[in-house]
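> Sharing a structure, written as structure tokens. Questions coming.
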Amino acid sequence: MLPTDHRLTSPDDFRRTIRSGSKQVTPTVIVHCSRVDRVESNAPARFGITVSKAVGGSVVRHRVSRRIRHAIADAMKDPSIEIPPGSRWVLRALPRAAEADVASDVRTAIARTVLKSG
């Protein structure tokens, strides 16, 4: 489970991140990242997850979102991936996420996004 201060919950934040951020695409997930605002430079990185009905039924969607959440938590703990403070992230699951391992794709996409912007 992600700590409360690391969760992206506002629909406006989701929209802003998707529209203004950079994007990485993998076979199971699309990762949008919006860079740090100067005002929020000391704030923690915040993450939001979207899993549409195209991925599957309720049980499948919740399973996929749990797997993505755990992959985010692992990426946050990984010293080789330096997630910028104050950044906003939206991870959108694709239909293939229902039957595939999303953890490696999430870590890869986050790492690529961090490297691309840094």
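Quick note: the coordinates plus some simple rules give every number you see, no bench work behind them. In this text, all values refer to a predicted model and were calculated from it rather than measured experimentally. Reconstructed Cβ throughout: ideal geometry from the backbone, glycine too, with neighbour counts over all protein chains shown.
> Relative contact order, percent, of the chain when contacts are C-alpha pairs under 8 Å separated by at least 6 residues? Write down the numbers at each step before the final one.
Details: 205 pairs, mean separation 44.5, N = 118.
Normalised by residue count, the contact order of the chain is 38 percent.
> So which residue, out of ALA97, ALA43, ALA71, gets the largest mean-square fluctuation from a GNM of the chain using Cα contacts under 10 Å as springs?
ALA43
> Could you work out which residue, out of ASP105, ASP74, ASP12, moves most in a Gaussian network model of the chain, that is, has the largest mean-square fluctuation with Cα springs under 10 Å?
Its mean-square fluctuation being the largest, the pick is ASP12.
> Of HIS70, ALA100, VAL55, whose Cα points farthest to the positive end of the dipole of the stretch 4-117 (charges on the beta-carbon: +1 Lys, Arg; -1 Asp, Glu; origin at the Cα centre)?
Towards the positive end, the residue furthest out is VAL55.
> Based solely on its DSSP helices, what 222 nm [θ] is calculated for the chain when runs of n ≥ 4 H residues each add -39,500 (n - 2.57) and the sum is averaged over all residues, nearest 500 deg cm²/dmol? Write down the numbers at each step before the final one.
Working: 3 runs with 46 residues, N = 118.
About -13000 deg cm²/dmol.
> Can you tell me the orientation of helix 58-77 relative to the chain, as the angle in degrees between its alpha-carbon axis and the longest Cα principal axis, to the nearest 10?
30
> Could you give the C-alpha radius of gyration of the chain expressed as a fraction of 2.2 N^0.38 Å, taking N as the number of residues it contains? Write out the running numbers ahead of the final one.
Numbers: Rg = 13.2 Å, N = 118, 2.2 N^0.38 = 13.5 Å.
That ratio works out to 0.98.
> Please give the net charge around VAL51, taking every other residue with its beta carbon less than 9 angstrom from that of VAL51, where Lys and Arg add +1 and Asp and Glu add -1.
Values: positive: LYS53, ARG61, ARG92; negative: none.
Net of charged neighbours comes to +3.
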